[in-house]
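Input: a single structure, listed below in structure tokens.
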């Protein structure tokens, strides 16, 4: 389509979509939406009349080209649409916020007014949400109702952390991820680039960092090597981003009003760098890139002056690549064991009149802050940088709950809230049916409950820059899995950091998310569908609580697959069939379009049994929880199992079964943290003579038995000790 650019109106091309009423589903929810009249703006199919354009703001061609390309990718045939990008005459209407905008639709045009590129960009994002996500090839017009939206963000830092160290993601996917962030009005990409498991950023002065430390022997973390394709010709696993690739990603993000904040870990989480430069560690090595997560005792030597020169060289290149204000230095999970026995570190403590190794960490952070200041950068780190005193001007990212952030705000330091209670998206989204994760449980509703100023005294709110979610990727080896963990929880984050707290409402958010799911689909985002179901047994009746508000639930009690012809439950409880036979309840969500979600399962009428364990119990996670038919309840220990430790289920009456299994670990289907690494699943016909029927692999053991096998007891027995605690989800027999 021909476009003639001239100085207040642009006739853009749109495409064939059905006529619509007042649009809903805006995420994040704007500050205000008004419907001033009943007028409709009618967008008609293009009649080959050349379009003319007029505008009066800087960067309008770039912004409108972005909008045009977005609509072109969404639809198929062109429509003409008048759209104005104009300066905002009264900034007070958006609270003086540079990212605010006013979007107006009347019968003649669409007008977006703002003070800045960011404001116009976010107005366009809202307009893209107003436009229908689907195509009707027979439509000849689209009707948009008149409306006025006034909108601006609650916080200046609306962030998302992507861990590209544990598993590398391609530059092409990083751009797709940036587009997802932009669609949710997220303006900060915190990019985790170095850790114990790899070094992902090219440093010209130290080429060995990417030639050697960007690759490890295999995928690690107990994962299937086929779950990722990021291998070199020699079969080494990993990858890195060249400086040219980083510049392009930073440019691409900036065009979408996203600042990229790099994280270069120190003084801990440094094994990848030490594997190449062992002289920068306390022991001199050798060091080997880690294939597991957790925390290594090997860290940078805080008493070695050559280490500070190394950091100076690295940050001089990093600062040039990333033009934003902040550089993240990690600062978290740094054991002091090596420092306690290191002559250089102890000498540094005496030389600087420090009290202990915690003050030595503070000394490190203060020196790095000065390095960054020489490059006009500010330091931000995880809340452990509070240990021993905080460097002047440093900002804190609070992840161990909100306490660290509150303490930092009281000290008049700027804070980004990112508590693992609400913002760790490597945690599972449901109690059942989820892919492998780090463990933990943050469903969409809990993610939505995040409030960055929760518990912060009002007089310190000005120091809360905003909030951020994090995707650590230890158990997320590919981009598809990453998208599943990010969406839809990213929409919950978006509303937490954009929308005024008093206007947020979980029920309303759920209804608006129905349209957001469609937008994920059309953007090719492999999001988690709201198909989980919590199953409650109360007074011999079942109550279903599906993820999707007011969804129907198809169910069966005989273990068969629920279909659209199965019984359907709404909000009412369903009585459990009479009798004492073992029942396998299976349930699945019925979506508005008639499709069915994944199957959720629970065993009912379990035989009476006594459960005992030689392992100590962690809180209320008692052994009885391993035989209650629900995988979301667990037995959890307070130490790692030793050889010969047992967890035993003794039945009151002999049972007949053809299948037995035991599931351990933080993942609902087995695996993740705190799983059993070495053990056997055993059965006994009399409670005295035991037979091993399966070995544990990735936290899971299962055996198929001859028909009529008699079982008086079954148990899990460990064959080798492990330091990792043990979490047992369920014993099952059928």
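Side notes on the structure shown:
- Some residue of the range 191-199 being assigned to a helix (DSSP H, G or I) and touching a helix residue (DSSP H, G or I) at 6+ places or on another chain (Cβ under 6 Å): no
Residue-by-condition table, conditions (1) more than 25 Å from the chain's Cα centre (by Cα); (2) surrounded by 16 or more Cβ atoms within 10 Å (Cβ to Cβ):
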| residue | (1), (2) |
| --- | --- |
| 527 | no, yes |
| 540 | yes, no |
| 546 | no, yes |
| 552 | yes, yes |
| 564 | yes, no |
| 574 | yes, yes |
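- Residue 435 being out of contact with any strand residue (DSSP E or B) (no Cβ under 8 Å at 6 or more places or on another chain), surrounded by fewer than 20 Cβ atoms within 10 Å (Cβ to Cβ) and within 26 Å of residue 395 (Cβ to Cβ): no
- Test: residue 191 is more than 20 Å from residue 251 (Cβ to Cβ), modelled with pLDDT of 95 or more and under 24 Å from the mean Cα position of the chain (by Cα): no
- Residue 457 surrounded by 22 or more Cβ atoms within 10 Å (Cβ to Cβ), in the same structural domain as residue 381 (by TED's automatic domain parsing) and over 12 Å from the mean Cα position of the chain (by Cα): no
- Candidate set from the range 696-720 (those that are surrounded by fewer than 20 Cβ atoms within 10 Å (Cβ to Cβ) and within 33 Å of the chain's Cα centre (by Cα)); member that is modelled with the highest pLDDT: 702
- Some residue of the range 129-139 being over 20 Å from residue 103 (Cβ atoms), under 27 Å from the mean Cα position of the chain (by Cα) and outside any loop (DSSP other than H, G, I, E, B): no
- Total residues in the range 153-171, condition farther than 30 Å from residue 119 by Cβ and not in a loop (DSSP other than H, G, I, E, B): 1
- Residue within the range 498-518 that is more than 22 Å from the chain's Cα centre (by Cα), under 30 Å from residue 394 (Cα atoms), surrounded by fewer than 22 Cβ atoms within 10 Å (Cβ to Cβ) and at pLDDT 95 or above present: yes
- Contact annotation: residue pairs with Cβ atoms under 6 Å, 6 or more positions apart or on different chains, pairing a residue in the range 427-451 that is more than 20 Å from residue 493 (Cα to Cα) with a partner that is assigned to a loop (DSSP other than H, G, I, E, B), are 431/632; 432/631; 432/668; 433/598; 434/668; 436/475; 436/667; 436/671.
- Flag for residue 598 being within 29 Å of the chain's Cα centre (by Cα), assigned to a strand (DSSP E or B) and at pLDDT below 95: no
Residues are listed down the side, and each one gets a yes or a no for (1) modelled with pLDDT of 95 or more; (2) outside any strand (DSSP E or B):
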position: 636; (1), (2): no, no
position: 657; (1), (2): no, no
position: 666; (1), (2): no, yes
position: 670; (1), (2): no, yes
position: 674; (1), (2): no, yes
position: 683; (1), (2): yes, no
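- Yes/no for residue 167 being crowded, with 23+ Cβ neighbours inside 10 Å and assigned by TED's automatic domain parsing to the domain that holds residue 513: yes
- Given (1) over 25 Å from residue 499 (Cα atoms); (2) assigned to a loop (DSSP other than H, G, I, E, B); (3) out of contact with any strand residue (DSSP E or B) (no Cβ under 6 Å at 6 or more places or on another chain), number of the condition residue 364 does not satisfy: (2)
- The set of residues in the range 638-655 that are assigned to a strand (DSSP E or B) and either surrounded by 21 or more Cβ atoms within 10 Å (Cβ to Cβ) or touching a strand residue (DSSP E or B) at 6+ places or on another chain (Cβ under 8 Å) (or both) comprises 646, 647, 648, 649, 650, 651, 652, 654, 655.
- Among (1) buried (at least 20 other Cβ atoms within 10 Å of the Cβ); (2) touching a strand residue (DSSP E or B) at 6+ places or on another chain (Cβ under 9 Å); (3) within 30 Å of residue 730 (Cβ to Cβ) - the single one residue 448 does not satisfy: (2)
- Of the residues making up the range 310-344, those that are part of a loop (DSSP other than H, G, I, E, B) and in contact with a helix residue (DSSP H, G or I) (Cβ under 8 Å, 6 or more places away or on another chain) are 322, 323, 331, 332, 333, 334, 336.
- From the list 14, 103, 88, 40, the one residue that fits, being more than 23 Å from residue 494 (Cβ to Cβ), at pLDDT 80 or above and in contact with a strand residue (DSSP E or B) (Cβ under 6 Å, 6 or more places away or on another chain), is 40.
- Checking residue 150 against (1) modelled with pLDDT under 95; (2) assigned to a strand (DSSP E or B); (3) touching a helix residue (DSSP H, G or I) at 6+ places or on another chain (Cβ under 8 Å), the condition it does not meet: (1)
- Residue list for the range 557-573, restricted to those being over 19 Å from residue 628 (Cα atoms) and not in a loop (DSSP other than H, G, I, E, B): 568, 569
- Test: residue in the range 206-226 that is assigned to a helix (DSSP H, G or I) and over 30 Å from residue 345 (Cβ atoms): yes
- Pick from the range 323-338, criterion crowded, with 23+ Cβ neighbours inside 10 Å and on the phi > 0 side of the Ramachandran plot, ranking: farthest from the chain's Cα centre (by Cα): 331
- Residue within the range 469-476 that is touching a helix residue (DSSP H, G or I) at 6+ places or on another chain (Cβ under 9 Å), farther than 26 Å from residue 327 by Cβ and buried (at least 23 other Cβ atoms within 10 Å of the Cβ) present: yes
The values are calculated or read from the model by the stated rules, or taken from the named source; none is laboratory data. Being a predicted model, the structure only gives us computed values, none of them experimental. With ideal geometry, Cβ positions are generated from the backbone for all residues, glycine too; neighbour counts draw on all protein chains shown.
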